[in-house]
1. Looking for whichever is under 19 Å from B:F215 (Cβ atoms), out of contact with any Lys or Arg (no Cβ under 8 Å at 6 or more places or on another chain), surrounded by fewer than 17 Cβ atoms within 10 Å (Cβ to Cβ) and polar (S, T, N, Q) here; the options are B:N108, B:N98, B:N116. Which one fits?
2. Would you be able to say whether some residue in region B:167-186 is of a type in the set (S, T, Y), over 30 Å from A:K5 (Cα atoms) and touching a residue at least 24 places away in the same chain (Cβ under 8 Å)?
3. What number of residues within region B:382-405 are more than 10 Å from B:S264 (Cβ to Cβ) and not aromatic (F, W, Y)?
4. Among the numbered conditions (1) among the basic types (K, R); (2) within 15 Å of A:I107 (Cα to Cα); (3) at pLDDT below 90, tell me where A:K222 comes up short.
5. Can you tell me which residue within region B:335-373, out of those that are part of a loop (DSSP other than H, G, I, E, B) and more than 8 Å from chain A (Cβ to nearest Cβ), is nearest to the chain's Cα centre (by Cα)?
6. So is B:T261 of a type in the set (S, T, N, Q), crowded, with 19+ Cβ neighbours inside 10 Å and touching a residue at least 60 places away in the same chain (Cβ under 8 Å) or not?
7. Give region A:177-189 a look and list any residue that's modelled with pLDDT under 90 and either of a type outside the set (V, I, T) or over 12 Å from A:L128 (Cβ atoms) (or both), or say none.
8. Taking the residues in region B:1-51 that are in contact with a Ser or Thr (Cβ under 7 Å, 6 or more places away or on another chain) and among the β-branched types (V, I, T) as candidates, determine which candidate is surrounded by the fewest Cβ atoms within 10 Å (Cβ to Cβ).
Amino acid sequence: MSWKKYILTFAITATIFGTAFYVASQIDAQRVADIRTTEDNISIDILSTETQFELLGNLDCQEISDNPVLSEELNSLAGRLSVAESNLGDNNTEVIALKKQYSLLEIKDYLLMKQISTKCHLKPVYILYFYSNAGDCPDCSRAGEVLTYLRQQYPDLRVYSFDYNLDLSALKTLTSLSAIKDELPAFIINGRQPVYGFKTLDEMQTLIPELKTLATSTSAVK
Amino acid sequence: MDIGSIGIYICLFLALYFEVFLLISFLEKRPDARSTKRPSRYPSVSILVPCFNEERTVASTINSLLALDYPKKKLEIVVIDDGSTDGTRAIAESFTKNPRVKYFYKKNGGKYTALNFGIAHSTGDIIGCLDADSFAAPDALLEMVKRFESDPTIMACTPVMKVYKPRTMLELMQAVEYTFGIFYKKMFDNLSALNVLPGPFSMYRRAVFDQIGIFHHAHNTEDMEIAFRMQSYGLKIANAHTAFVYTTVPKTIRALIKQRTRWSQGFLQNSRDYYYMYLNPRFGHFGMLVLPIGLTAFFAGIYTAGYSLYHLLSFLITRALDLFTTHIPLHLPVVQHFNWLYVNVNTLTFLIFFMIGMTFIAVLLGSRISETRLTVKSYISYFLFFGLIAPLWLVQAAWGALLARESSWR
């Protein structure tokens, strides 16, 4: 009996497996590269808006409110990051680096939004959402779903989500300034006192009466 | 990667290994095209038709045998009525006016007893069987005889089995499955590792029974056991890919599960009886590939189905609970900024697609070998339903084998 065919078959099957792993890793690498490019672009945009704001002062609020800050792009980035995170694992160093940069961009966007709002007398509705995916927050995924749904319903609602356990000094400063305890999920709604624990959709809507001032999405299913 | 998905990777590796092995065998030795050449001599042939309450199909079966292109004097048809209680007797007896048809009625004792009765009451050098739910193509016997003639060491031969007039989704699904079977049986022939001599139109040289004995009860799968026994004696089994036989297949899921449970349980129980052939190079590819892969496929099927069911159920339950506890109304997911790069594909997705592709190629080759035309609806039925139904009989067969319970025929 010849063993040659058994060995050849093993080699071919292993090659097929190797190819599948290679192609998947190439796609993952492309995703990471795409996320990095998007983050760089957002970073440039934020810097540009900041610079524009500093140049104009509060003289031309119309110009700035016509070109709102980048929550839309940040939101699309969140979805891409979660795909990369689910494929590469949340311990992957590249994923962590991208998440850190993403969180920094969120904080920058949040600060800029506050500055612009004060000077231009805008009343944005925003939520700072702190979660953990380290397995110690069983309610976080459901809380995330409520926020995602609210975002779909109210496209102008700004949701800034932060991984509480991310080792990022700027984020640590934000949590300590906002006096966020490690009772997750935690929400800060329009700069008010933190709210802790899972909230249903109805409870969340009650907590954000300002939602009534926002336009609803026409595509959303009511 | 969780432990559960490592199991799935192992199952996929083995399944791909098996398919690659068969494709290499195909490239090494492609099946010959059909030829119009006639055999140089016509051995005497006895075809046994064991039947039990087959009044609906027995006449067509006998008619298909009478219509066989073969010298009349060289062919005898032996109908063995295994104690039918319906109209089978009257129908079969009406054929005895034809001198080529012999009819025997015996007390019910099971299919293997009917076959053994037929062997004892027949005279042919070659003994064939045809279940009373199957019909042979007119040239099927000639093609079988030609295959025997091509190699004097061939001691038994199987035909190509096709589904008789498939119409419903379930029958179409089985038509694709049978076509896949046509491919791998031909490849098993290349490897001298055929593992079953199915009831419809398999043929044996009489010397086989003289050498290794007659049919056994064999957990209601005497056609599988005799192939195992022949392999254990080193007797060659071949496949005649140009001899077509049409068989009626179960029309309900319940009947299909019952039939396949019997086959699968028979495989497990015969495997236990012939355990010494497993991974034993003395028995060639039969011991080294066909048996181990068959057993692995059995448990891999159960494992994959269990794993998928667990994930599907936990997903659905989590979704339902989430909707219930969050009070979010039921809605379709909103896809913003669609980008192909973020369609959630990974290594497993590629391997599954590759696996489906390889299976598709195997079915296509099977349909080419057997000149079978399969419709798109057949492929859809197969790829949609087979994976859902097969685990049911696998689990039932494993359970039956564990309890050493007798599988049932009907």
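The values are calculated or read from the model by the stated rules, or taken from the named source; none is laboratory data. No experiment lies behind these values; they were computed from the predicted model shown. Cβ sites come from the backbone with ideal geometry, for glycine too, and all protein chains shown count toward neighbours.
1. From the options B:N108, B:N98, B:N116, the qualifying one is B:N108.
2. The answer is yes, given that some residue of region B:167-186 is of a type in the set (S, T, Y), over 30 Å from A:K5 (Cα atoms) and touching a residue at least 24 places away in the same chain (Cβ under 8 Å).
3. Of the residues in region B:382-405, 10 are more than 10 Å from B:S264 (Cβ to Cβ) and not aromatic (F, W, Y).
4. Failed condition: (2).
5. B:S370
6. yes
7. A:L177, A:S178, A:A179, A:K181, A:D182, A:E183, A:L184
8. Of everything passing the filter in region B:1-51, B:I24 is surrounded by the fewest Cβ atoms within 10 Å (Cβ to Cβ).
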